[in-house]
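**Q** Sending over a structure as structure tokens; questions will come in a sec.
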Amino acid sequence: MTQIPLQTTAPHLSEYHTENKCTWCDGCGDYGIWTAVKRALVELNLHPWQVCLCYDVGCHGNGSDKIEGYRFHGLHGRVIPFAAGAKLANMKVPVIAFGGDGASFSEGVGHLVHGVRSNYPITFVLHNNGNYGLTTGQASSLTWQGQPMNVAPNGIPEQTLPSMDFVFSLEPTFVARAFTGDIKLMVRVLKAAMQHRGFAFVDMLQACPTYNHFATHEYLLEKYYDANAEGHDPNNREQAHKLATETKDRIACGILYQNEEHPHFYERLVPRKDKQTTLTEEVAKVDVSDLWKEMI
Ligand code: SF4
Ligand code: MG
């Protein structure tokens, strides 16, 4: 389990407040995730200056300046490598990466693959609203096949990507799911993800009332449930996979799978064995002028 640094003064939710106005549509699930993230950080006793929040491009990414903390807003689909690099440079800082379903399962899908298989010790929050909201309702890999969208009025011909089958095929060490209509559930899941030893994949089912007219807030509200409250054991991988993928009648949320036995990426780096300092603490200025002369 990842140790969150102990503090002498308790943080307050107001520390995460900024004056910047949110520009999300009314009813957008981003409001819920934004609120849950702040609550989770406070409940983990973290001040804004003690976390690194990394945002991909998308509607959710516009929240990067709506919260205090060290924040990064990167290139489309590239949030995982940045977040992993930041974490590996300073292992003392908890890192959360946020990405949409569009970028994470198309432009950045390769990074998701390597994020999971490397077991980087970061939390990845998938803003899963089933479309590219920022580009006004284009179909993503997770849009339901046949669903009419703005630039696909007849529905997309491609199969919907079976995202959870895909994630489980990568041998993840943590998979959870929550719904933007349930703040308490999101907070519980986020806290568990942030304390996980390795790469924590969190599927946040998010309402997008403007462009997603199939998996609506009402639809998700009716189908979601807390699988842990119904006795699901996150150690049971087979059951977790089943719950993650069989979503037709009910949608299982909560901590679906967790394996704390696998070392994370940094723990497997032989040159870092027994090092007590972080890479950022080892930065040194070196005079390379003699080397430079040899090259010219
Ligand atoms: Fe939210 Fe959808 Fe509006 Fe984007 S388009 S802000 S995801 S409701
Ligand atoms: Mg999306």
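**Q** So, of the residues in segment 74-111 that are charged (D, E, K, R) and in a helix (DSSP H, G or I), which turns out to be surrounded by the fewest Cβ atoms within 10 Å (Cβ to Cβ)? So that I can check it myself, show each step before the final result.
**A** Start the filter on segment 74-111 by keeping residues that are charged (D, E, K, R), which leaves 78, 87, 92, 101, 107.
Keeping just the survivors that are in a helix (DSSP H, G or I) gives 87, 101.
Numbers: LYS87: 24, ASP101: 26.
Within segment 74-111, the match that is surrounded by the fewest Cβ atoms within 10 Å (Cβ to Cβ) is LYS87.
**Q** Sticking with this structure for a sec: LYS38 is checked against (1) in contact (Cβ under 8 Å) with a residue 40 or more places away in the chain; (2) away from ligand 1 (no atom under 16 Å from the Cβ); (3) of a type in the set (D, E, K, R); (4) assigned to a helix (DSSP H, G or I) and fails just one. What number does that condition carry?
**A** (1)
**Q** Tally up the residues in segment 235-262 that are under 15 Å from ASP203 (Cα atoms), part of a loop (DSSP other than H, G, I, E, B) and in contact (Cβ under 8 Å) with a residue 24 or more places away in the chain, please.
**A** So the answer is 1.
**Q** Surrounded by 24 or more Cβ atoms within 10 Å (Cβ to Cβ) and within 16 Å of ligand 1 (Cβ to nearest atom), is that true of ASN150? Walk me through how you get there before you give the answer.
**A** Details: surrounded by 24 or more Cβ atoms within 10 Å (Cβ to Cβ): no; within 16 Å of ligand 1 (Cβ to nearest atom): yes.
Answer is no for this residue.
**Q** Among the residues of segment 144-190, write down those that are assigned to a loop (DSSP other than H, G, I, E, B) and over 25 Å from TYR257 (Cβ atoms). Before the answer, list the steps.
**A** Initially, segment 144-190 is screened for residues assigned to a loop (DSSP other than H, G, I, E, B), giving 144-148, 150-151, 153-162, 170-173, 180-182.
Selection gives GLN145, GLY146, GLN147, PRO148, ASN150, VAL151, PRO153, ASN154, GLY155, ILE156, PRO157, GLU158.
**Q** Kindly list the number of the only condition in (1) touching a strand residue (DSSP E or B) at 6+ places or on another chain (Cβ under 8 Å); (2) part of a helix (DSSP H, G or I); (3) away from ligand 2 (no atom under 13 Å from the Cβ) that fails for ILE67.
**A** Failing condition for ILE67: (2).
**Q** Take segment 24-53 and flag every residue that is within 16 Å of ligand 2 (Cβ to nearest atom) and either over 19 Å from the mean Cα position of the chain (by Cα) or not β-branched (Val, Ile, Thr) (or both). Steps first, answer last, please.
**A** Pass one, segment 24-53, residues within 16 Å of ligand 2 (Cβ to nearest atom): 24-25, 27-34.
Result: TRP24, CYS25, GLY27, CYS28, GLY29, ASP30, TYR31, GLY32, TRP34.
**Q** Could you look through segment 198-247, keep only residues that are more than 16 Å from ligand 2 (Cβ to nearest atom) and either of a type in the set (A, V, I, L, M) or at positive phi (or both), and pick out the one that is surrounded by the most Cβ atoms within 10 Å (Cβ to Cβ)?
**A** Selected residue: ALA200.
**Q** Now for a separate question. Within segment 87-103, is there a residue that is touching a residue at least 40 places away in the same chain (Cβ under 8 Å) and of a type in the set (Asp, Glu)?
**A** yes
**Q** Only one of GLN195, GLN206, GLN239 is at pLDDT 95 or above, in contact with a Ser or Thr (Cβ under 6 Å, 6 or more places away or on another chain) and more than 24 Å from CYS59 (Cβ to Cβ). Can you tell me which?
**A** Details: GLN206 fails: more than 24 Å from CYS59 (Cβ to Cβ); GLN239 fails: in contact with a Ser or Thr (Cβ under 6 Å, 6 or more places away or on another chain).
Matching residue, one of GLN195, GLN206, GLN239: GLN195.
The values are calculated or read from the model by the stated rules, or taken from the named source; none is laboratory data. Note that the structure is a prediction, hence the values are computed from the model and not measured. Here the Cβ is made from the backbone with ideal geometry for all residues, glycine too, and neighbour counts use every protein chain on show.
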